[in-house]
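Worksheet: one structure, shown below.
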Amino acid sequence: DSNLPVFDLTLIGVGRDGHVGSIYPDIDDTAATRAVVPVTGVDGMGQLSTKISLSLAAMRASRRTVVACAGKSPKAPLGKAEAMVRALEGPDETPRSFPASALRDTAMWLLDEDSAVLLSGNTTGRVRDP
């Protein structure tokens, strides 16, 4: 879309539920064509809040988008490994069901070993560059 800004670099993280920025699964803004979208939802403290996020379209329009994924915790012993399978290899995922999948063919993905462990053909942490 020619109305979108073109950033030189967009660096974005990804959540276990596939959210990137504040674009979460099953919200209408996964299909937004404008650059920035307001996102209203319940925050981690249980309060209704509104924040802004780059849209998936703006992320994809960047000259280079980098998705960084690392770490695990006692609450998430597999870290984000299952999410990375869904984002990068899940054949049935859509931007609405798993927003990170919208970046699978356009972003560079930087994964630590824990995040890459379940990907097909994995032997170590990876960088995936389209």
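The values are calculated or read from the model by the stated rules, or taken from the named source; none is laboratory data. Bear in mind that the values here come from a model prediction, so they are computed numbers and not experimental data. Don't worry about glycine lacking a Cβ; one is built from the backbone with ideal geometry, like all the others, and counts go over all protein chains shown. Ligands, DNA and RNA are excluded from the accessible area calculation, which covers all protein heavy atoms including side chains. Shrake-Rupley method; radii C 1.70, N 1.55, O 1.52, S 1.80 Å.
Please go through the stretch 16-38 and give me each residue that is farther than 14 Å from PHE98 by Cβ and of a type in the set (D, E, K, R), ordered by number.
Once the filter is applied, which keeps residues that are farther than 14 Å from PHE98 by Cβ and of a type in the set (D, E, K, R), the stretch 16-38 yields ASP28, ASP29, ARG34.
When the residues of the stretch 7-17 are filtered to those that are of a type in the set (A, V, I, L, M, F, W, C) and touching a Leu at 6+ places or on another chain (Cβ under 9 Å), which remaining residue is surrounded by the most Cβ atoms within 10 Å (Cβ to Cβ)?
VAL14
List, please: which pairs have Cβ atoms under 6 Å, are six or more places apart or on different chains, and start with a residue in the stretch 1-21 that is under 12 Å from ARG60 (Cα atoms) and end with one that is open to solvent by 100 Å² or more (accessible area, probe 1.4 Å) and of a type in the set (Lys, Arg)?
ASP8/ARG63
Applying the selection to the stretch 18-50, what residues are farther than 15 Å from LEU4 by Cβ and open to solvent by 80 Å² or more (accessible area, probe 1.4 Å)?
ASP26, ASP28, THR40, VAL42, GLY44, MET45, GLN47, LEU48, THR50
Would you mention how many residues in the stretch 83-110 are open to solvent by 80 Å² or more (accessible area, probe 1.4 Å), in contact (Cβ under 8 Å) with a residue 40 or more places away in the chain and either farther than 16 Å from VAL20 by Cβ or assigned to a loop (DSSP other than H, G, I, E, B) (or both)?
So the first thing to find is which residues in the stretch 83-110 are open to solvent by 80 Å² or more (accessible area, probe 1.4 Å), and the list is 86, 91-92, 96, 105.
Add one more test, that the residue is in contact (Cβ under 8 Å) with a residue 40 or more places away in the chain, and what stays is 86, 96.
Narrowing further to those that are either farther than 16 Å from VAL20 by Cβ or assigned to a loop (DSSP other than H, G, I, E, B) (or both): 96.
Residues flagged as open to solvent by 80 Å² or more (accessible area, probe 1.4 Å), in contact (Cβ under 8 Å) with a residue 40 or more places away in the chain and either farther than 16 Å from VAL20 by Cβ or assigned to a loop (DSSP other than H, G, I, E, B) (or both) within the stretch 83-110 amount to 1.
Can you confirm whether SER2 is at pLDDT below 90, assigned to a strand (DSSP E or B) and either open to solvent by 90 Å² or more (accessible area, probe 1.4 Å) or over 22 Å from MET108 (Cα atoms) (or both)?
On the way: at pLDDT below 90: yes; assigned to a strand (DSSP E or B): no; either open to solvent by 90 Å² or more (accessible area, probe 1.4 Å) or over 22 Å from MET108 (Cα atoms) (or both): yes.
Considered against the rule, which asks whether it is at pLDDT below 90, assigned to a strand (DSSP E or B) and either open to solvent by 90 Å² or more (accessible area, probe 1.4 Å) or over 22 Å from MET108 (Cα atoms) (or both), SER2 comes out as no.
Just need a number here: residues in the stretch 8-51 that are over 20 Å from PRO95 (Cα atoms) and under 17 Å from the mean Cα position of the chain (by Cα). So that I can check it myself, show each step before the final result.
So the first thing to find is which residues in the stretch 8-51 are over 20 Å from PRO95 (Cα atoms), and the list is 8-9, 42-50.
Adding the requirement that they be under 17 Å from the mean Cα position of the chain (by Cα) leaves 9.
Here the count works out to 1.
State all residues of the stretch 55-81 that are open to solvent by less than 80 Å² (accessible area, probe 1.4 Å), out of contact with any strand residue (DSSP E or B) (no Cβ under 6 Å at 6 or more places or on another chain) and closer than 14 Å to LEU11 by Cβ; if no residue qualifies, say none.
Listed by number, the residues that qualify are ALA58, ALA70.
Across the stretch 111-124, what is the total count of residues that are open to solvent by 50 Å² or more (accessible area, probe 1.4 Å) and aliphatic (A, V, I, L, M)? Spell out how you get there, then give the answer.
Taking the stretch 111-124 as the starting set, the residues that turn out to be open to solvent by 50 Å² or more (accessible area, probe 1.4 Å) are 113-114, 117-118, 120-121, 123-124.
Applying the additional criterion that residues be aliphatic (A, V, I, L, M) yields 117-118.
Here the count works out to 2.
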